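Read the figures in this text as sums done on the coordinates, not as results from a lab. Quantities reported herein were computed from a predicted structural model and do not represent experimental measurements. Cβ: placed from backbone, ideal geometry, glycine included. Neighbour counts: every protein chain shown.
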Amino acid sequence: MTLLGAHISVAGGLEKAFDRGESLGCAAIQIFTKNQLQWRSAPLPAGVCERFLRRWSESPIQKVAAHASYLINLAAPGTLGEKSSLSLQDEIERCDSLGITEIVVHPGSAKENPVEEALRLVTGRLRSVLERTEGKRVRILLETMAGQGAFLGAKLEEIAMLVEGTDWDDRIGICLDTCHLFAAGYDFRSPEAYERLILSVDRLVGLERIGCIHLNDSVHARGRRLDRHSHLGDGEIGLSPFGYFVTDERFSFVPCILETPLEGIGHGGDLALLRKLQGGDE
């Protein structure tokens, strides 16, 4: 079975995420390891890492994934792109100290650059980060994007080009986001459409590279390229397609993470829906 969970706050200390995740019955959680609106943070003290690892060892939560800062833009030319590369390196080092083996990152925005040039910049910076963090256990998961503005990664072919550009390095994976895929024009609202999507992912990059799945409904219709999440079943995707993901044996032990709104039924309500789809009692 997939591991159900949500993006969880680390307010008050990184280890506090386990208390919050456990209160929701999470089997997996996603966190920021630092303030996501800052480029760099002070190195993690040994005591912070020890408390986090000890608390994790006591927790029923099996997997922890990290999400990189939204400031990072590996596709940006010049100083911003290089700053982004160093920031991603810093985040990987933080994850490694915490025992976290997956970090989700947005591929970046091409802005005014041609897409081909932007993809070349991202590829070069990924290769550089991989070299500078050689020996770290952390896998970089490139997130599929909605295609809003000039963001890269709305097409699975673009994600595949980035993976190929790193010579299919084992430390490069992908994160599927249901809202983003839907907004980018992909349909998975029937068993047949879902299977076509998954077979496309397998053909282009391989299912073994899927290290995380973000489960979010979409406020906007398919193909609008607008990124706005809604509670499961309240948006244009509908509820049943999420059952295809959480019952797919090909994704056993892959974290399925909610990034749905905190208001309304909250993560607790959305998790209850996922457990029903997965065959649970709730």
| request: Note down the magnitude of the dipole of the range 6-158 about its Cα centre, charges +1 on Lys and Arg C-beta and -1 on Asp and Glu C-beta and zero elsewhere, to the nearest 20 debye. | output: 260 debye
| field | Long pairs among Lys34/Lys155; Lys16/Lys276; Lys63/Lys155; Lys34/Lys276; Lys136/Lys276; Lys63/Lys83, criterion Cα-Cα beyond 31 Å | value | Lys34/Lys276; Lys136/Lys276
| said: Suppose every Lys and Arg Cβ carries +1 and every Asp and Glu Cβ carries -1, with no other charges. What dipole size does the range 158-282 come out with about its Cα centre, to the nearest 20 debye? | reply: 260 debye
| request: Compare the Cα positions of Val104, Thr166, Ile210 along the charge dipole of the range 3-277 (+1 at Cβ of Lys, Arg; -1 at Cβ of Asp, Glu; about the Cα centre) and return the one farthest towards the positive end. | output: Val104
| Which part of the range 155-191 falls in the paramagnetic zone of Glu116, meaning amide N under 19 Å from the point 7 Å along Cα-to-beta-carbon? | 155-166
| field | Dipole of the range 3-277, positive direction: furthest Cα of Ile29, Ala46, Ala221, with charges on the beta-carbon | value | Ala46
| task | Ratio to report: Rg/Rh of the chain, with Cα atoms as the point set and Rh obtained by the Kirkwood method; give two decimals. | result | 0.94
| Neighbour-count ranking [beta-carbon atoms within 10 angstrom, fewest first] of Ser109, Ser9, Ser252 | Ser252, Ser9, Ser109
| task | Please identify the cysteines of the chain that lack any partner cysteine with a Cβ under 4.7 Å from their own Cβ. | result | Cys26, Cys49, Cys95, Cys179, Cys256
| field | Per-selection metrics, the range 101-232 (Cα): Rg and Dmax in Å | value | 14.5, 43
| Least to most buried among Trp39, Trp168, Trp56 (fewest other Cβ within 10 Å first) | Trp168, Trp39, Trp56
| field | Likely footprinting exposure, Thr101, Thr33, Thr247, fewest C-beta neighbours within 10 Å first | value | Thr247, Thr101, Thr33
| message | Rounded to the nearest 20 debye, what is the charge dipole size of the chain about its Cα centre when +1 sits on each Lys and Arg Cβ and -1 on each Asp and Glu Cβ? | response | 500 debye
